[in-house]
1. Quick check on my filter: what residues within segment 27-47 are over 18 Å from residue 168 (Cβ atoms) and surrounded by 14 or more Cβ atoms within 10 Å (Cβ to Cβ)?
2. For segment 17-103, which fully contained helices (runs of 4 or more DSSP H) count at least 3 residues that are β-branched (Val, Ile, Thr)?
3. Pairs please, first residue from segment 177-196 and closer than 29 Å to residue 164 by Cβ, second anywhere and among the polar types (S, T, N, Q) and modelled with pLDDT of 95 or more, Cβ atoms under 8 Å, 6+ apart in sequence or on different chains.
4. Among (1) at positive phi; (2) crowded, with 18+ Cβ neighbours inside 10 Å, where does residue 147 come up short?
5. For segment 73-86, what are the residues that are closer than 23 Å to residue 177 by Cα and open to solvent by 30 Å² or more (accessible area, probe 1.4 Å)?
6. All but one of (1) out of contact with any helix residue (DSSP H, G or I) (no Cβ under 7 Å at 6 or more places or on another chain); (2) at pLDDT below 95; (3) not hydrophobic (A, V, I, L, M, F, W, C) hold for residue 56; which doesn't?
7. Take residue 133 and decide whether it is open to solvent by 70 Å² or more (accessible area, probe 1.4 Å) and more than 19 Å from the chain's Cα centre (by Cα).
Amino acid sequence: MAFLVAESWFPNQHYVLYPFKTIFIGAVIAWFWRSLPSLAPSAPVLSVLVGVVGVGLWIGLDPWLVHYEQPLVGRNPFQLYPAGEAWTLFGFRLAGFALVVPVMEELFWRGFLMRWLIKEDFTTVPLGTYRHFSFWITTAFFAAEHGPEWALGLVVGVIYGAWFVRTKSLGNIMLAHGVTNLLLALYCLITNDWHFLSIVAPVHP
């Protein structure tokens, strides 16, 4: 959360801050890796397809579901930095977005919160257990995390949640989430449309 606040207040320094966030969060995940449940996907091919569907919906529904009330700050590193530095920073952005973020977010949203809302001792709740309240509250918070793109987050969050309930595997939704993020970042790079990797600029009085 501290990194997100820092990025929102210094949007033009996002690519400089992002490697620190990626390395720090990646190190925390690695430190606790042995205490985590199995993250091996049980249905990798179908999980990749779920991720492809996710990015298709994210891009395709954007003009229909999202109306930006606050300005989005473009994050094209190739306009902010020399080419060599830009590629390095974009590489960190891609690695964090496609590898670290899906693991961190799914551990929290589906691995912890969705089960904790069922029972405080969440480790006794099997992965993928469905209860109306926990499923939809978790999905709502997941959507809200995406700010002005909350409607897209809601649609894709329902798909991730349903796949989690169906397969009972954190690895499957992490893979799907990672594929969505990877393809979305590559879409930004190829089309030079960077608003999907943008952040909401703070509104100052």
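1. 29
2. Of the helices (runs of 4 or more DSSP H) lying wholly inside segment 17-103, those with at least 3 residues that are β-branched (Val, Ile, Thr) span 44-65.
3. Here the result reads 179/47, each pair linking segment 177-196 to a residue that is among the polar types (S, T, N, Q) and modelled with pLDDT of 95 or more.
4. (2)
5. 74
6. Every listed condition holds for residue 56 apart from (2).
7. yes
Yes/no matrix, rows are residues, columns are (1) in contact with a strand residue (DSSP E or B) (Cβ under 9 Å, 6 or more places away or on another chain); (2) under 24 Å from residue 22 (Cα atoms); (3) of a type outside the set (Asp, Glu); (4) open to solvent by 40 Å² or more (accessible area, probe 1.4 Å):
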site: 50; (1), (2), (3), (4): no, no, yes, no
site: 96; (1), (2), (3), (4): no, yes, yes, no
site: 112; (1), (2), (3), (4): no, yes, yes, yes
site: 119; (1), (2), (3), (4): no, no, yes, yes
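The values are calculated or read from the model by the stated rules, or taken from the named source; none is laboratory data. This one's a predicted model, so the numbers in the text were calculated from it and none came from an experiment. Positions of Cβ are backbone-derived with ideal geometry, glycine not excepted, and every protein chain shown enters the neighbour counts. With ligands, DNA and RNA removed, areas are computed over all heavy atoms of the protein, side chains included. Shrake-Rupley method; radii C 1.70, N 1.55, O 1.52, S 1.80 Å.
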